[in-house]
Structures are given as structure tokens and as C-alpha cells.
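What follows is a set of notes on a single structure, which appears directly below.
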Amino acid sequence: MKQLPEGFLWGGATADFQYEGGFNEGGRGLLSHDFETDGSMENPRHHTMEMNDGSIIKPRSSFFYADPVPQEAKPVFLDDEYYPSHQAVDFYHHYKEDIALMAEMGFKCFRLSIAWSRIFANGGMEGEQPLEEGLKFYDNVFDECLKYGIEPLVTLSHYETPLHLITEYGGWSNPQLIDFWLRYVKTVFTRYKGKVKFWLTFNEVNALFRMPLVAGGVLTIKDPKDPSDPIGSTTKQDQWDAYHNILVANAKTVQLGHEISEDYQIGCMMTASSVATYPYNCDPLNVVGTLDAQRMNIFFMADPFCLGIVPTYLKKVWKEDQVNVEFSDEELKLIKENTVDFLSFSYYRSTTFDRDVNLKVDTGGLTCRDNPYLKDKAPQPWGWAVDPVGLRYTLNVLYDRYHLPLLIVENGVGLDENIDEKGEIHDDFRVHYIEEHLKNVNDAIEDGVDCRGYLYWGPIDVVSAGTGEMKKRYGFVYVDRFNDGHGTLERKLKDSYYRYKEIIESNGEVLLEDE
Ligand code: BGP
């Protein structure tokens, strides 16, 4: 009987600012997301800020758009706005219940992120003491996972940087962040030795240029030097400085992790939907444009992390961007010698590249022209293209290129769901989505790819990162919580919960029996 390989890591993945809540508990410091309101496809999320004269501005956030922000603007909370990260779906107080639900489904692995500012409120300034309450919270979470034999997989930074480091230091464009970061990383690497084995450095860090604040904590709070720049509030030099510093920080993290424990497996995390960017047609310029889109959306970052090399084509890009980026010999050696142990990635959808149409982007990845060969589309208003074969293709491309173990740490579909009159939630589309994607994971493994696991995104409903909505539900478990923050937070099982449990219990056999 066909099954996935023995020891395959089945599970799910979350991120603190979308799931955890407890934003003002245990001394936790503020994160950039804490000032980000809810939103929707039509009304993008925005930050709330105050000017020196007391007037309020509401710049749109940096997922789909980013408005330039004047230097004097300071983040401020407004009573008439809703900030989803503050309570999210309250994993902070529901972790025992949620982990029990995951265990009941048969999870072997649970990916979560540590909120950096829950450990160091200001990010890890010299002399700053770690917050014991924050450290204890994650101790409790890891113990709870281990009680059920669930392996925790920890993202050290999921789309977040402590606010203090953004407003006072300019985020990752400042090389001082490397030291603050390493203080934080050393604290958690030391504290959780023996409990956590698998670590990820930065979530979807290759989205740095598309979403500088979110993916790189890069300063947005300054005068835009180039108002015509679509991401407006940061300069190209800031972004490339962040790239430089993040490459060094990543290599130092791998080095430090291996020094602290031989058992540590340190991986990177990429948004890999851009791998499955297909030329719209066989126009050679579309083929070259596709290559360029793949390079500048994933390989420019994944190559240094996985192969230890900074790609040569970047020299031309730096010239065009009129920036100065220089790695010292010592830094290049560090990057070469400290590549990651495995590559993890998110995959949501594919797109096609047509040089006559602008590439757009959101948390699902790039979009350009619709692919006429794809049968399914996730329901509106989000409507992401559904391409399970693209996952097989992505796994093969990444494995051929890096020859590293691969781990899928995000894949899933957000749907607008309601409880019916019988109190049930029938999420047939989600069941279909995961089944098709998992069959393609199996095909890729048969192709020879070393894929170690599949972690579904948002197994318990979480807040959408892109739109800030609760309405975009990913979970196998429904949470009674709505866009404006009302709701009891009660958890309720959807149909997909039972199906994913069956799939895990049979190690994929129930899916593959007809193959
Ligand atoms: C990824 C992020 C996640 C998650 C997911 C789905 O890019 O790593 O944090 O949010 O996208 O996106 P969304 O929440 O916008 O539907």
C-alpha cells in the first residue's frame, strides 16, 4: 500500500502576531504589527500614527501598498480602531486546548514563532534582561507539545521586528541589529536546548523587497527619498543594507546554533510560490523575464542561505539601483561556511509571467496573468489560483538546486465559512485542496525529492496577515471570532479536521490508495 515515507512530519504552522495575542502580558514589548488595523481586500490595513502637532495619519501598510510616512510620525493607538494582533485568537490562554486538538489530529510537528519582544521588550539592547515570563510561556508551550510527542519547530522571527528597533535603529538596514538579534537568539537557543531541535531563522525573508517593513523590519518611518518608488517609504540602499545584514545574521545564527547544540537543525524559510512562475508563452523574453522574477524573488536570498554564495547577477542589479553593497572577505567566508541544514518554504499558488503585464504581489506570492490551464480558483474575494502540480514542480526545482532536505511549512486555503443550522462546518474545498497538494508531494517524493514533512498553514483559524481579517479562515478548527474582534473564542471542528486526522493516521494511505 502506498504511503508517505516513515517519519514524515505531519502538522501545522502559525505565527505569533496572527495567533498568540497577549500583546500586553508578561512585559511583552511592542511589535510593528501592534499598530496595524484590520482591513480587507477593498480597504487595506493601515498603521495609526501621530504627528508632532497631534494630528493623526493612517498610512496604508506594507503588504499590498505602503504610503510614505513622514519622519516625525510616531505610532499611536486609537480607541476607535481595531488591532487584530492584540488578542488574535488568544493562543496565549488557549495553548493547552489547541495543542490537545492538534495532538488528537495526530500532529507530529507544530510550527510556531517566538515573539521576539516577548523575550526582549526592546529587542535585546546591551544590558537588557530577558523577560522570564515570556521565556516561561514558551517553556510551557514546548512542554505541552512534547507531552503529546509533537516536535516543536520554531520560527525565530515571523514577519516582525520589535518596534523599538524599527523606530530607533531603522530596522535591519542598521548593522547594529545583528548584535541585538544574536543576544535574543542566544537566549532562546540556550534556554530551549533539549526541548526544541528544529529552528527557522526569518519567515519568508525573500519578500524583503516587496514588503520591507514586514519581512525585514526595515525602517518605514522616515522621509521618502524617492516618492516614485512604489514601496515609497524606504530607499533601495536601506533595503540592500538590510539584505546584507540579514545574510550575515543568518550565517551567524547557524554558526551559533551549531555551537550551542549538535542536535540543532537550523533552516531558512522562503516564500516559494515564485518558483512556480511560468512564462505566459514561449516568447523568449517572457522566458528570460520569468528567470529574472525567480531570481529576484527567491534565489537571490535562498542561494546565499543554502549554497553560501551571493549571486553574481546582483552586481548588475546594484549598479542599476545605484546602491553600494560590499561584503567583506570575512563575511563571504562566514556565509560560505554556515549554510542552513534544511530549506523550508511556503507554497500557496503559481502564476504566469507576461512582460506586458505588471507583476503584483501579496502574501500568497506573485501574480501576473491568470493561467488558462488551471481548473480551480479559491473562492472570492481572495481568489488565489490553485495549482497543486506547481507544488511538485517547486519541490523538484528546489531539491535539484540545493540538495537539502525540504520541509513544506505553509500551504493552505483561506475560506469565508459559517456554521450551518446543524452546528457543522463543511469545508469541502479545503479537503479537496489539501488532498490534491499532498498527492503532488507524494509524486515529488517519488521523483526523488527528500521532502521531510507537510505543515498546513493556520490549523486553527488565525487572523489573515495580508488583510487583517478573521473572515479569511484557514483552519481545520473554527474559532468564534470575527473581523471586528467580537466572539467567544470557542473552538469548533470542521469537516477537514476529521479528514486530515485520517490522512495522518494512515500516513497518507487513504489518499494514495487509488493512485
Ligand atoms: C504567508 C505568511 C503567513 C500567512 C500566509 C497566508 O505569507 O507567512 O503569515 O499569513 O502567508 O497569507 P494571508 O494571511 O494573507 O492569507
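Structural descriptor for the chain: relative contact order 18 percent, calculated from alpha carbon pairs under 8 angstrom and at least 6 residues apart. Expressed in units of 2.2 N^0.38 Å, where N is the residue count, the Cα radius of gyration of the chain is 0.91.
Spin-label pair ASP139-GLU446: with each label point 7 Å from Cα along the Cα-Cβ axis, the two points sit 4.9 nm from one another.
What value in Å³ per residue do you get for the convex hull of the alpha-carbon atoms in segment 365-515?
About 141 Å³ per residue, rounded to a whole number.
Between GLU331 and LYS147, the modelled labels are 4.6 nm apart [label points 7 Å from Cα along Cα→Cβ]. Only beta bridges with both residues in segment 330-450 are counted; by DSSP, about 55 percent of them are antiparallel. The slack between ASP495 and GLU104, meaning 0.36 nm per residue of separation minus the straight C-alpha distance, is 139.3 nm.
Cβ under 14 Å from HIS33's Cβ, HIS33 left aside: what net charge do those residues give with Lys, Arg +1 and Asp, Glu -1? Taking every Cβ under 14 Å from that of HIS33, the sum is -4.
Between GLN237 and ASP370, what FRET efficiency comes out of the Förster formula 1/(1 + (r/R0)^6) with R0 = 35 Å and r the beta carbon distance, rounded to 0.05?
The computed FRET efficiency comes out at 0.45.
Of ALA293, ILE309, ASN371, which is farthest on the positive side of the dipole of the chain, counting Cα position, with +1 on Lys and Arg Cβ, -1 on Asp and Glu Cβ, and the Cα centre as origin? Looking along the dipole axis, the top candidate is ILE309. For the listed peptides 15-27, 304-316, 178-190, a ranking on the average number of other beta carbons within 10 Å per residue, highest first, reads 15-27, 178-190, 304-316. Gain on full extension, evaluated as 0.36 nm per residue between GLU421 and LYS195 minus their Cα-Cα distance, stands at 77.0 nm. Restriction of the GluC sites (Glu not before Pro) in segment 422-513 to DSSP coil positions whose beta-carbon has at most 14 other beta-carbons within 10 angstrom yields GLU424, GLU490, GLU513. Radius of gyration over Kirkwood radius for segment 238-388, both on Cα atoms: the Rg/Rh ratio is 1.03. The label-point distance for ASN122 and GLU505, in a model that sets each label 7 Å from Cα toward Cβ, rounds to 5.4 nm. Using 0.36 nm per residue, how much length does the chain from GLU81 to HIS93 gain when fully extended, once their Cα-Cα distance is taken away? So the chain would gain 2.0 nm between GLU81 and HIS93.
Scaling the Cα radius of gyration of segment 445-515 by the globular reference 2.2 N^0.38 Å produces a ratio of 1.42. Here segment 71-140 is treated as a Stokes sphere of Kirkwood radius computed over C-alpha pairs; at 4 °C and 1.567 mPa s its diffusion coefficient rounds to 86 µm²/s. Near LYS501, which lysines are there with a Cα under 26 Å away, not counting those fewer than 8 places off in the same chain? In chain and number order, the partners are LYS2, LYS96, LYS108, LYS147, LYS195, LYS197, LYS377, LYS422, LYS439, LYS471, LYS472, LYS492.
Peptides 143-153, 291-301, 161-171 ordered by packing proxy, namely the average of other Cβ atoms within 10 Å per residue, highest first: 161-171, 291-301, 143-153.
Read-outs: derived from the displayed coordinates by stated rules, not from any lab. Small disclaimer: the values here were computed from a predicted structure and weren't measured. Reconstructed Cβ throughout: ideal geometry from the backbone, glycine too, with neighbour counts over all protein chains shown.
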